[in-house]
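Below is one structure; the comments refer to it alone.
Laboratory data are not the source of any read-out in this text; all were calculated from the coordinates shown. Given the structure is predicted, the values throughout are model-derived calculations rather than measurements. Please note: Cβ atoms are built from the backbone with ideal geometry, for glycine as well, and neighbour counts cover all protein chains shown.
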Amino acid sequence: MTSITPIINGVAVTVEVPDRVTLADTLRDKLRLTGTHVACEHGVCGACTVIVDGLAVRSCLMLAVQADGAAITTVEGLSKNGKLSALQDAFRRHHALQCGFCTSGILTTMHALLLEEPDAGEHRIREVLSGNLCRCTGYIPIVEAVLEARAAYAQAESGA
Amino acid sequence: MPMLAFRLATPRVLVDLRRVSGLDRIHIGEQGVELGAKVRWRDIERDTRLAVAQPLLAEAVRHIAHYQIRNRGTVGGSLAHADPAAELPAIALTCEAHIVAVGPRGEREIPAAEFFLAPLVTALEPDELIVAMRLSAWPKARRFSFKELSRRLGDFALAGAAVFFDLDERGCMRALHVGAFGVADKPVRLLETEAALNGMRPEPAAVAEAIKLGTSGLEMRSDIHADADYRRALLETLLTRAFDEAMQRSPS
Ligand SMILES: Cc1cc2nc3c(=O)[nH]c(=O)nc-3n(C[C@H](O)[C@H](O)[C@H](O)COP(=O)(O)OP(=O)(O)OC[C@H]3O[C@@H](n4cnc5c(N)ncnc54)[C@H](O)[C@@H]3O)c2cc1C
Ligand code: FES
Ligand code: FES
């Protein structure tokens, strides 16, 4: 067992984890942050994507011990004070989800992308989205929602 | 990590290089380019200098995996993992790169041609660590192309090809290098194709014949995605397109 202290959604949390356990399992089973989903467990589907030190990564391909001291954003960290973020709101309005299994991984991926590239074009969005499998909604409403949410990120950037 | 998840690898100890400093450098000098073992796909993609200093490498890396994987995957990890369908080992082999390894007996440079031995098997000793990969300098006027086909953007390639050469004042190919990956049990160089065309003009008929010559000796991989015949036809098509593109692309 190793003691780690990642900063999860802005709060430093200390947990004891077995060295062999992934970040995904730690988030879900230890910290009860079950918004992070797990499906393929080998990096293919994207459902488990979280943001670690600003970068969207697969939490099933990272050991929890590697996240010691890292700033982690999970899907639970996207809304503020019970209010959906601009991206989440756009997903709701565009019906960019059905079962929601893939949604948390897509939201975290697109959040990280738009923070870094608020002017990402449709082609870039589709390219990045290729790392996330959605088997029921279809990608068109997802792309539309992300395109619309860009304005909020551009505004936040120019306002900062 | 996927190897651990699948229980294909069960190491007794696992070393994380995260806190080892100095391995994440991209050094570009007159001799060529040195990529530290911890350099990530993302770093290569974002380093605009590499588009000029090693354009074939830059182009190949754009085909590697998905956004989230590119944020984590490293040069050292890809070389050590030695997937026969991976892009970087193919570039290392085609460009005659050297892999720098350190261990208790000191540092050594391993030519890529001696490094990749079989699927997931390299010349690295168990107590050695990759610290860098060295590529020699890229002449500005060099012609090149990189082509691959995968079922979905970012997936491993069913087959891929890398080609580069210089053109002399008579329009003949010099220093021709032809590599292929995803087709055999490790990345390969098509030495017969190279030998047949070096010093020749890139005429389509001669190129087609030399491609056939080079691929005929290859023992093609066969799996549920593509059988051996399909892979051979695919590789020949990719190579033909690669020669075409290399000719048409005006040097930067
Ligand atoms: C869904 C998915 C799709 C992918 N698609 C592609 C693709 O299209 N093309 C492609 O090329 N790759 C692809 N990859 C592989 C990926 O790009 C990484 O190269 C790979 O996952 C290795 O990751 P890593 O660098 O973190 O190495 P690790 O996972 O940390 O290590 C891999 C192996 O290398 C060893 N190792 C790591 N660093 C060193 C070192 N410095 N010295 C000695 N040994 C070392 C480790 O012990 C381990 O055995 C894909 C991966 C996934 C999960
Ligand atoms: S569960 Fe991590 S990518 Fe599928
Ligand atoms: S919403 Fe069901 S898989 Fe995407």
Query raised in the report: Put +1 on the Cβ of every Lys and Arg and -1 on every Asp and Glu Cβ in the stretch B:1-112; which of B:112, B:92, B:74 then has its Cα farthest towards the positive end of the dipole?
Result: B:74
Query raised in the report: Which percent, nearest 5, of DSSP beta bridges in the protein assembly as shown are antiparallel?
Result: 95
Query raised in the report: If each of residue B:45 and residue A:99 carries a label point 7 Å out from its Cα toward its Cβ, how far apart are those two points in nm?
Result: 2.7
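If you rank A:80, B:147, B:212 by fewest surrounding Cβ atoms within 10 Å, what's the result? If you can, show how the numbers build up before the last one.
On the way: A:80 8, B:147 23, B:212 15.
Neighbour counts put them in this order, fewest first: A:80, B:212, B:147.
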Report summary line: Gyration tensor (Cα only) of chain B to equivalent ellipsoid, semi-axes in Å sorted down, yields 30, 22, 16
Query - Helix B:204-216 axis, angle to chain B major axis (alpha carbon atoms, nearest 10°) - result: 40
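Treat the count of other C-beta atoms within 10 Å as a stand-in for reagent exposure and order A:38, A:75, B:15 from fewest to most.
Neighbour counts put them in this order, fewest first: B:15, A:38, A:75.
Tell me the mean residue ellipticity at 222 nm calculated for chain B from its helices only (DSSP H runs of n ≥ 4, each -39500 (n - 2.57), averaged over every residue, nearest 500).
Working: 11 runs with 85 residues, N = 252.
Only helices count here, giving -9000 deg cm²/dmol.
Where Rh denotes the Kirkwood radius from the mean inverse Cα pair distance, what is Rg over Rh for the stretch B:143-248?
Working: Rg = 13.4 Å, Rh = 13.8 Å.
Here the Rg-to-Rh quotient is 0.98.
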Query - Karplus-derived HN-Hα couplings along the stretch B:9-21 (A = 6.51, B = -1.76, C = 1.60, θ = phi - 60°), whole Hz, x at Gly and Pro - result: 10, 10, x, 6, 10, 10, 9, 9, 8, 3, 8, 7, 8
Query raised in the report: So for the protein assembly as shown, what are the equivalent ellipsoid semi-axes in whole Å, largest first, each being the square root of 5 times an eigenvalue of the Cα gyration tensor?
Result: 39, 25, 20
Query raised in the report: On a 0 to 90 degree scale, rounded to 10, what angle separates helix B:228-248 from the longest Cα axis of chain B?
Result: 70
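Taking only the alpha-carbon atoms of the stretch B:1-126, what semi-axes of the equivalent ellipsoid follow from 5 times the gyration tensor eigenvalues under a square root, in whole Å, largest first? Working shown, then result.
Details: eigenvalues 100, 63, 47 Å².
Here the semi-axes work out to 22, 18, 15 Å.
Within chain A, which DSSP H helices have Cα atoms that stretch 15 Å or more along the helix axis and a mean Kyte-Doolittle hydropathy of at least -0.5?
Working: long enough: A:103-116 (20 Å, 0.96); A:140-159 (30 Å, 0.47).
Both cut-offs are met by A:103-116, A:140-159.
Given the DSSP H assignment, sum -39500 (n - 2.57) over each helix run of at least 4 residues in chain A and divide by its residue total; what's the result at 222 nm in deg cm²/dmol, nearest 500?
Values: 4 runs with 50 residues, N = 160.
Result for chain A, helices only: -10000 deg cm²/dmol.
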Query raised in the report: Over the stretch B:76-191, one equal point on each Cα, no solvent: what is log10 I(q)/I(0) by the Debye formula at q = 0.14, 0.17 Å⁻¹?
Result: -0.61, -0.84
Query raised in the report: What residues qualify as long-range amide H neighbours of residue A:58, i.e. H under 5 Å apart, gap of 5 or more or another chain, H built at 1.01 Å from N?
Result: none
Query raised in the report: For the stretch A:86-158, rounded, prolate or oblate, judged on the Cα gyration tensor with a ≥ b ≥ c (square roots of eigenvalues), a/c < 1.5 rounded, else prolate if a/b > b/c?
Result: prolate
**Report entry** At 1.306 mPa s and 10 °C, Stokes diffusion of the stretch B:96-146 via Kirkwood alpha-carbon radius, µm² per second
**Finding:** 127
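Among B:138, B:41, what is the fewest-to-most ranking by other Cβ atoms within 10 Å?
Arranged by neighbour count, lowest to highest, B:138, B:41 become B:138, B:41.
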Query raised in the report: residue B:147: which lysines have alpha carbons under 20 Å from its alpha carbon, excluding same-chain residues fewer than 8 sequence positions away?
Result: B:186, B:212
Report summary line: Phi angles of the stretch A:46-59, converted by Karplus (6.51 cos²θ - 1.76 cosθ + 1.60, θ = phi - 60°) into ³J(HN,Hα) in whole Hz with x for Gly and Pro, give x, 4, 8, 4, 10, 9, 10, 6, x, 10, 6, 9, 7, 6
Query - Antiparallel %, DSSP beta bridges [both residues in the stretch B:143-248], to 5 - result: 100
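For chain A, what is the convex hull volume of its Cα atoms per residue in Å³? Let's see the in-between values first.
On the way: hull volume 16.9 nm³, N = 160.
Dividing the Cα hull volume of chain A by its residue count gives 106 Å³.
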